[in-house]
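First the structure, in the form of structure tokens, and then the observations on it.
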Amino acid sequence: MKKIEAIVQPFKLEDIKEALKNVGIDGMTISEVRGHGRQKGHKEVYRGQEYHVDLLPKTKFELVIPDERLEEVLEAIMAAARTGKIGDGKIFVFDVGEAIRIRNGDRGQDAL
């Protein structure tokens with residue numbers, strides 16, 4: 001099993017949810033997060049005062065999938081999240097040793 005964490009632009013939330021739904025992925029966790037990558041934020045002016053915004057709003061998707069679905073899911077996320085501009089985000093993939101459904105004790109892929 002693999003865990004995918006994708007940190008993307010917030011306005012891409014619905015596009016990515018739809019793309020995942022289209023490839024048959026139903027279970028996911030979505031969080032509003034803040035951070036920055038190489039762009040290091042940006043400057044804004046408020047009431048004539050310039051200030052640096054270094055923690056930008058992002059959306060984080062977390063999902064656990066069977067190994068054989070990895071490439072298909074990654075392609076769906078990348079296609080839906082890509083704008084071609086800096087700040088599109090990152091995807092991280094982790095190995096998952098075990099998954100357990102609390103309700104009935106299902107383990108492994110049965111728990112997904």
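Structural remarks
- Listed conditions (1) at pLDDT below 95; (2) surrounded by 10 or more Cβ atoms within 10 Å (Cβ to Cβ); (3) part of a strand (DSSP E or B) are all met by E32, apart from (1).
- From the list E75, E18, E98, E50, the one residue that fits, being among the charged types (D, E, K, R), closer than 14 Å to I4 by Cα and over 12 Å from the mean Cα position of the chain (by Cα), is E75.
- Against the criterion of being in a helix (DSSP H, G or I), under 12 Å from the mean Cα position of the chain (by Cα), surrounded by 12 or more Cβ atoms within 10 Å (Cβ to Cβ) and in contact (Cβ under 8 Å) with a residue 60 or more places away in the chain, L70 does not qualify.
- Yes/no for V64 being without any contact (Cβ under 8 Å) to a residue 12 or more places away in the chain, of a type in the set (V, I, T) and either part of a strand (DSSP E or B) or out of contact with any strand residue (DSSP E or B) (no Cβ under 6 Å at 6 or more places or on another chain) (or both): no
- Pairs where the first residue, in the range 82-97, is farther than 9 Å from Q9 by Cβ and the second is loosely packed, with under 10 Cβ neighbours inside 10 Å, C-beta under 9 Å, 6+ apart: I86/R38
- In the range 15-29, residue modelled with the lowest pLDDT [restricted to those that are among the charged types (D, E, K, R) and touching a helix residue (DSSP H, G or I) at 6+ places or on another chain (Cβ under 9 Å)]: D26
- Residue count, the range 73-100 (criterion: surrounded by 12 or more Cβ atoms within 10 Å (Cβ to Cβ) and not in a strand (DSSP E or B)): 14
- Lone unmet requirement of (1) among the hydrophobic types (A, V, I, L, M, F, W, C); (2) farther than 18 Å from V96 by Cα; (3) touching a helix residue (DSSP H, G or I) at 6+ places or on another chain (Cβ under 9 Å) for L55: (3)
- Taken over the range 35-50, the criterion of being loosely packed, with under 10 Cβ neighbours inside 10 Å and either in a strand (DSSP E or B) or at pLDDT 75 or above (or both) is satisfied by K43, V45, Y46, R47, G48, Q49, E50.
- Any chance R34 is over 30 Å from Q109 (Cα atoms) and in contact (Cβ under 8 Å) with a residue 40 or more places away in the chain: no
The values are calculated or read from the model by the stated rules, or taken from the named source; none is laboratory data. Small disclaimer: the values here were computed from a predicted structure and weren't measured. Note that we place each Cβ from the backbone using ideal geometry, even for glycine, and neighbour counts take in every protein chain shown.
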